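Here's the structure we're looking at; comments come further down.
The values are calculated or read from the model by the stated rules, or taken from the named source; none is laboratory data. Since this is a predicted model, take the numbers as computed values, not measurements. For neighbour counting, all protein chains shown are included, and Cβ atoms are generated from backbone atoms with ideal geometry for every residue, glycine included. SASA here: full protein model, heavy atoms, side chains in, ligands and nucleic acids out. Shrake-Rupley method; radii C 1.70, N 1.55, O 1.52, S 1.80 Å.
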Amino acid sequence: PTAPEKTSLWDLLEGEVSQQHVLTYMEDAVSQLLESRDDISQYGIARFFTEYFNSVRQGTHILFREFNFVQATPHNRASFLRTFWRCFRTVGKNGDLLTAKEYHCLLQLLCPDFPMELTQKAARIVLMDDAVDCLMSFSDFLFALQIQFYYSEFIESVAAIYQELLTGKNPNTVIVPTSSSGQHRSRQTLSECSQLDGVEAPAFYQCLESLCDRSKYSCPPSAIVKEVLSSVQRLTFYGFLMALAKHHGINRALGALPDKADLLLDPHMDQELEKLVAQVSGLSLSNSNPASGDATNVPSRPSLRLSSPWRPLLHRRKMDAESDGSTEETDSSEN
């Protein structure tokens, strides 16, 4: 590529991805290029990379990807949270209450191997470690998921510190979990040993301040942590997480979700949904009139499927092919 093309490519990532994670996307782009090289031949390599990094900038690159990739970078995590909100905010708009298992099914529509354990941990924040099969509002679960998913390593370290304080010990080192099994055991022990009155907030804050300074993972802004802990004398682990989840500063710091007052508003998505509904309605009408349907709808569909060469859209092509049959079946049953 020429020099201007190189500049425009890196401009796509400016402000969205930190320099330390650029290599992650370069490796993933090359991997997808190799896997889809037969399909890329009709687009060209230059267009493929432009499409890929444009999708990274827009946050659509995480759709239908494996969980290891979705959680690989802070930008990926924020993109996934924003996509989940935009896709399923109608759940909150309709006032529906769902269980953790039902929310997990929605998460798996975007990330098929999204772990159930992570969904349950988010539910425990909402329900204060009560039974996780209770109903939850969309906004409560979403803000809890934001904390649990984006700051997952931080939360596991906080759980270990809280346990040390609860048993009368003063943790002198930052504890960073190294495996999912270790994370599960630390949270289980915490649930079994936690007390209603929790720990002293000043001592808790001193430990968390040291954690934020030394941790290699993403941590909430120290000012927010200080504000939450300075407002009480004692608090429990889940009380701390719930306070973080409800704090408006978290949304502004991450930039993934709007404030709670605007959570159900998304004019751009509403317009897109209206267009989609109009297209589906037109397709349904054309199916009932074969003479006009073949002439008007068939040419437009290939252009939609060929709009991007990278793998997640290839997944969508397969889903489109599968959904064609189900759509016709639904229409015929209604008619």
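Calculate the spin-label point distance for E200 paired with S137, positioning each point 7 Å from the Cα along the beta-carbon direction, and give it in nanometres. It is 3.6 nm. Note on S31 and E227: their simple-model spin labels are 3.8 nm apart, each label 7 Å out from Cα toward Cβ.
Taking every protein chain into account, the 1.4 Å probe leaves R57 with about 90 Å² of accessible area, to the nearest ten. Estimated at 0.36 nm per residue, the fully extended path between N94 and R214 surpasses their Cα-Cα distance by 38.9 nm.
Go ahead and run the numbers for FRET between L276 and Q58, Cβ-Cβ distance against an R0 of 22 Å, rounding to 0.05.
After rounding, the FRET efficiency stands at 0.80.
Here the gap between E117 and R252, fully extended at 0.36 nm per residue and compared with their Cα-Cα distance, gives a gain of 45.9 nm.
Here the ratio of the Cα radius of gyration of the stretch 19-61 to 2.2 N^0.38 Å is 1.14. Residue-wise HN-Hα couplings along the stretch 142-158, as the Karplus relation 6.51 cos²θ - 1.76 cosθ + 1.60 with θ = phi - 60° gives them from phi, are 5, 5, 5, 4, 4, 5, 5, 7, 5, 10, 4, 5, 4, 5, 5, 5, 5 Hz; Gly and Pro carry x. In this structure E156 has an accessible area near 0 Å², from a 1.4 Å probe over the protein heavy atoms. Rounded to whole numbers, the Karplus 3J(HN,Hα) couplings from phi for the stretch 109-118 are 5, 9, 9, x, 9, 4, x, 5, 4, 5 Hz, using 6.51 cos²θ - 1.76 cosθ + 1.60 with θ = phi - 60°, and x at Gly and Pro.
How long is the gain from I45 to R234 if the chain were fully straight, where each residue apart is worth 0.36 nm and the alpha carbon distance is subtracted? It would help to have the intermediate numbers written out before the result.
Values: separation 189, 0.36 × 189 = 68.04 nm, distance 5.79 nm.
Length gained, I45 through R234: 62.2 nm.
About the centre of its Cα atoms, the stretch 19-61 shows a dipole size close to 180 debye [charges on the beta carbon of Lys, Arg (+1) and Asp, Glu (-1) only; nearest 20 debye]. Annotation: amide H of L235 within the under-5 Å range of V199, A201, sequence separation 5 or more or interchain, hydrogens built in the peptide plane.
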